[in-house]
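The values are calculated or read from the model by the stated rules, or taken from the named source; none is laboratory data. Because the structure is predicted, anything quoted here is derived from the model rather than measured. In this analysis, Cβ positions are derived from the backbone assuming ideal geometry, glycine residues included, and neighbour counts consider all displayed protein chains.
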Amino acid sequence: MAVDREQVLKEAAALLTRRATTSMDEIARAAGISRATLHRHFAGRDALIKALEEQGIAQFGQAMDSARLDEGDAAGALRRLITETEPVADMLAFLATENQLFEGDEVNAGWDRLDARITALFRRGQEEGDFRIDLSPAWLAEALYGLIGAGAWAVHEGRVARNDLHHSIAELLLGGIRRSMEK
């Protein structure tokens with residue numbers, strides 16, 4: 001039986017995001033494989049975490065590139081980013097909430113580069129006058145990660161339809177960060 005490595009990592013990310021103490025047995029069961037098969041692909045928990053981080057960073061970077069963050073206004077770029085992250089929402093949620101189960105300078109530097117791009121997007125939206133200036137760009141980035149993570153889990157649990165995720169995240173986030181001209 002061929003093991004779908006990407007599906008195993010997706011299941012692991014979804015579980016570990018919600019509960020960092022999820023066992024390798026639980027991850028194997030969720031992925032529909034045996035623990036022995038899981039260990040053949042990932043020598044241990046650290047290897048699994050490292051693989052999750054590497055794949056997540058690569059996928060999130062590709063989503064950002066596809067979203068063309070530097071084109072158009074910041075709100076439009078943010079909407080495109082949310083759309084592009086939908087397929088990798090579980091991985092992004094894992095990256096954003098990971099409890100440093102595996103520490104590696106290269107991986108952390110990769111996340112730092114991605115986080116800097118998102119923070120720059122929010123800063124640009126503030127400079128353009130579209131986003132609130134009373135909330136820091138770093139906080140807005142954290143809010144985005146939190147909403148994507150919560151949305152990924154809600155879809156995983158069947159509480160939200162995947163087709164509704166983009167709209168729900170974009171409208172909630174943009175509704176809260178838009179700068180109001182009313183006083």
Screening A36, A31, A20 for residues that are under 18 Å from L92 (Cα atoms) and either touching a Ser or Thr at 6+ places or on another chain (Cβ under 8 Å) or of a type outside the set (S, T, Y) (or both) leaves only A20
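Would you mind finding the one in E84, E54 that is of a type in the set (D, E, K, R) and under 12 Å from the mean Cα position of the chain (by Cα)? It would help to see each step written out before you state the result.
Details: E54 fails: under 12 Å from the mean Cα position of the chain (by Cα).
Only one candidate passes the filter, namely E84.
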Residues in the range 68-98 that are crowded, with 21+ Cβ neighbours inside 10 Å and either more than 23 Å from A120 (Cβ to Cβ) or free of Cβ contacts under 8 Å to residues at least 24 places away in the same chain (or both) total 1
Selection from the range 128-182 of residues of a type in the set (S, T, N, Q) and under 21 Å from E11 (Cα atoms) yields N163
Within the range 131-158, the residues that are small (G, A, S), in a helix (DSSP H, G or I) and at pLDDT 90 or above are A138, A141, A143
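When the residues of the range 7-23 are narrowed to those that are assigned to a helix (DSSP H, G or I) and over 15 Å from the mean Cα position of the chain (by Cα), which ends up surrounded by the fewest Cβ atoms within 10 Å (Cβ to Cβ)?
First, the residues of the range 7-23 that are assigned to a helix (DSSP H, G or I): 7-18.
Now drop any that are not over 15 Å from the mean Cα position of the chain (by Cα), which leaves 7-8.
Details: Q7: 13, V8: 23.
If we take residues in the range 7-23 being assigned to a helix (DSSP H, G or I) and over 15 Å from the mean Cα position of the chain (by Cα), then Q7 is surrounded by the fewest Cβ atoms within 10 Å (Cβ to Cβ).
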Conditions (1) touching a residue at least 60 places away in the same chain (Cβ under 8 Å); (2) closer than 20 Å to L69 by Cα; (3) under 18 Å from the mean Cα position of the chain (by Cα) -> A116 fails only (1)
In the range 143-170, residues that are among the charged types (D, E, K, R) and surrounded by 17 or more Cβ atoms within 10 Å (Cβ to Cβ) total 0
